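First comes the structure, then the notes that go with it.
Values quoted throughout were computed directly from the atomic coordinates according to the rules given, and no laboratory measurement underlies them. Predicted model, so just to flag it, every value in this text is computed and none were measured. Glycine gets a Cβ as well: all are built from the backbone with ideal geometry, and neighbour counts include every protein chain shown.
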Amino acid sequence: METATTGVRHPKGPAKDRKGPDAKAFTASLLDSTVGGKLLVALTGTALVGFVVFHMIGNLKVLQGPDAINAYAYFLKHDLGALIWIARGGLLALFVLHLALALRLKLRSVAARPVPYQVYRPAQAGVASRTMVYTGVVVGLFTLFHLAHYTFGWVKGVQVTDATTGQKVWKNYFDLVDAKGRHDVYEMVVAGFSNWGMIAVYLVAQVVLFVHLRHGIPSVFQTLGLKNARLRGGIDILGLLVALTILVGNVALVLAVQLGWLKSQYPAG
C-alpha cells in the first residue's frame, strides 16, 4: 500500500527556482534611504581622511630637501604608471559620492523641517555640525583649485627660479624642472608659499578642513553605532587630534618657507 507524501510548498517555489536578493535593487535602496546615505557618507569620508593623511605625509618630504620630494613626485607620476590615474579616478569618485550624498541628506533635512525651531538650542547642534555641508563645499572648491594649480598646471604661478638656467622666469608650477629633468616640486612649493595670495587661500582652506574633520571624524563613529557614553570622550579627543595633526602638518609647509627653512636652490644672479 502506497503512502502519499505531503509537504508545505515554499511561497516562492522550489529552492532551485528562487532568486536571491537583487544587487541593483539593494544598492538603489541603500542609496535612497537616509540611514544608507549616512553610512555611505561615513565610509567615503573615512577613505578620504586616509588619503588626506597620506597626502600630508608625502608633502612633508619637502622638509628633507629638493631631491627627496622631487624623487617622490617622480615615483608617483612615472613609476606607478596607470595605477596613479586609477587611484585618482577612485578618489574623485569617492569625493563626488561623499559630497553628493551629504548635500542630499542636508536638503532632505531642510525639507523635513521647513519651519525653523522657535527655540534655538546650540548645545544640541554646534556650529561645526550645522555647517558640515558648507565646510565640505569649501574644501571641495579648494581641492579643485589645488588640482588646477599643481596637478594640471592651469593656474599661472609667480616669478620662480628655473633650475636648468638659474634665472627668474614666469612659469606655472607644473612646468618647473629640476637639474635631473624631474618636475621640480621643491621649487614649486617654495614659490607657491612665497606668494601671500596663495598663502591666504591655503591657510583658510586648512582651517575649514580642520573644522570639517573635527566634527566629521567623531560623526563616523556615531553613524556606525560605536560612539556610546563610555567612548564618547575618547572619540571626540581622537577627532580633535587627527584634525589638529593634519592642520599642523599642512601649515608647517607654509611656515618652513616663510621662516627661511626652505629656500630656492638656484638664486638668480
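The table below gives the values:
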read-out	value
Estimated distance in nm for a label pair at ALA229 and LEU39, the labels positioned 7 Å out from Cα along Cα-to-Cβ	2.7 nm
Percent of Cα pairs exceeding the 17 Å cut-off, where the set is the stretch 180-263	58 percent
The stretch 181-269 - charge dipole about Cα centre, Lys and Arg +1 at Cβ, Asp and Glu -1, debye rounded to 20	360 debye
Potential lengthening between ALA148 and GLN64 on full extension [0.36 nm per residue; Cα-Cα distance subtracted]	27.7 nm
